[in-house]
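Undergrad: I have a structure here, written as structure tokens, and I will follow up with some questions on it.
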Amino acid sequence: MTTYGLLIFHGAEELDFIGPWEVFTVSSALRQGADTAVLIAERPDAVRCGKGMRVLPDHTLDDHPPLDVLLVPGGRGAREEQRRNPKVLEWVAATAARADWTLGVCTGAAVLHAAGVLSGRRVATHWNYEDALEATGDLTVVRDARYVVDGDLVTSQGVSAGIDSALWLVGRLHGRDHARAVRRVIQYEPAPPYLADEPI
């Protein structure tokens, strides 16, 4: 059984955690409900995300089951408030140290970096945050990969790339055929990802 914990906070980018949530919960369904995914926030109140969606957490930082996987999304809230929030940073550092895997999506890298999780690691982040993250000098930003695996750390580029990293993880945990089955259920086939500028 795998327990996935997805951190949410005001200003979090919705798809950064909703995309992986879909992957993790479909994976669990295909495994007859063997796994659990929970949303975790600093407080039990509803969280208003970056585009206005309101989400209720399942647990708080002080009251949640042990996590095998920690996911930290990005968004304005990650870049501004949460990377300066001592309680969240302390929790992220401690939880990442105990979890089997830590995932950062988009500018969730800002929170992971402030918590000390990214030091000396190879990481991916949103293209518009790469220079700022690289300027810290204590990590290596990989600019040409949708996601990067460095030991027990998986980081991804922006928004939809979190789905890629989540699929990689369920493949690592439960096998490539399982990950392909999850991808088929959610009909995620971004190849090519964008055709609107092509002639018809």
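Coordinate-derived values only; no laboratory data. This is a predicted model, so every value here is computed, not measured. Cβ sites come from the backbone with ideal geometry, for glycine too, and all protein chains shown count toward neighbours.
Undergrad: Magnitude of the Cβ-charge dipole of the chain, K/R +1 and D/E -1, about the Cα centre, nearest 20 debye? Before the final figure, lay out the partial values.
TA: Working: 20 positive and 27 negative charges, 34 e Å.
In total the dipole reaches around 160 debye.
Undergrad: Follow-up. Where a ≥ b ≥ c are the square roots of the eigenvalues of the C-alpha gyration tensor, would you call the stretch 1-83 rounded, which needs a/c under 1.5, or, failing that, prolate if a/b is larger than b/c, or oblate? Intermediate values should be presented prior to the final figure.
TA: On the way: a/c = 2.11, a/b = 1.59, b/c = 1.32.
Prolate, because a/c is 1.5 or more and a/b exceeds b/c.
Undergrad: Now for a separate question. Just from its helices, what would the mean residue ellipticity at 222 nm be for the chain, if runs of 4 or more DSSP H residues each count -39500 (n - 2.57) and the sum is divided by every residue, rounded to the nearest 500 deg cm²/dmol?
TA: Numbers: 7 runs with 70 residues, N = 200.
Computed ellipticity for the chain at 222 nm equals -10500 deg cm²/dmol.
Undergrad: What is the Cα convex hull volume of the stretch 84-167 when expressed per residue in Å³? Before the final figure, lay out each step's value.
TA: Values: hull volume 7.1 nm³, N = 84.
Hull volume normalised by residue count: 84 Å³.
Undergrad: From zero up to wherever the largest Cα-Cα distance of the chain sits, split into 5 Å bins and tell me the percent of pairs in each.
TA: Values per bin, smallest distances first: 1, 8, 17, 21, 21, 16, 10, 4, 1, 0, 0.
Undergrad: A further question on this structure: For Asp138 and Val38 in the same chain, what is the full-extension length gain: residue separation times 0.36 nm, less their Cα-Cα distance, in nm? Write out the running numbers ahead of the final one.
TA: Working: separation 100, 0.36 × 100 = 36.00 nm, distance 3.14 nm.
Fully extending the segment from Asp138 to Val38 adds 32.9 nm.
Undergrad: Between beta-carbons, use under 13 Å as the cut-off and find the net charge around Ser28, counting Lys and Arg +1, Asp and Glu -1. Please list the in-between numbers first.
TA: Details: positive: Arg31; negative: Glu22, Asp35, Asp68.
Summing Lys/Arg as +1 and Asp/Glu as -1 gives -2.
Undergrad: Between the stretch 111-170 and the stretch 70-96, how many Å separate their Cα centres?
TA: Here the two parts' Cα centres lie 14 Å apart.
Undergrad: Summing +1 for each Lys or Arg and -1 for each Asp or Glu, what net charge is found among the other residues whose Cβ lies under 14 Å from the Cβ of Gly151? Mind dumping the intermediate values first?
TA: On the way: positive: Arg121, Arg122, Arg172; negative: Asp100, Asp150, Asp152.
Once positives and negatives cancel, what remains is 0.
Undergrad: Amide H neighbours of Asp150 under 5 Å, counting only residues 5+ apart in sequence or on other chains, H built in-plane at 1.01 Å?
TA: Thr155
Undergrad: Moving to a separate point now. What number, in nm² with one decimal, is the all-direction average of the projected area of the convex hull of the alpha-carbon atoms of the stretch 47-133? Don't skip to the end; give the middle numbers.
TA: Details: hull surface 23.6 nm².
Taking a quarter of the hull surface, the average projection is 5.9 nm².
Undergrad: Step through the residues of the stretch 180-186 one at a time and calculate ³J(HN,Hα) from phi using the Karplus curve (6.51 cos²θ - 1.76 cosθ + 1.60, θ = phi - 60°), rounding each to whole Hz and writing x for Gly and Pro.
TA: Per-residue couplings from phi come out as 5, 5, 4, 4, 5, 4, 8 Hz.
Undergrad: Would you kindly derive the ³J(HN,Hα) couplings of the stretch 6-16 from the backbone phi angles with the Karplus curve 6.51 cos²θ - 1.76 cosθ + 1.60 (θ = phi - 60°), listing them in order in whole Hz, with x for Gly and Pro?
TA: Each residue's phi maps through the Karplus curve to give 10, 6, 10, 6, 4, x, 5, 6, 4, 5, 4 Hz.
Undergrad: For the stretch 107-136, list residues with backbone N below 16 Å from a point placed 7 Å from the Cα of Glu81 toward its Cβ?
TA: 108, 111
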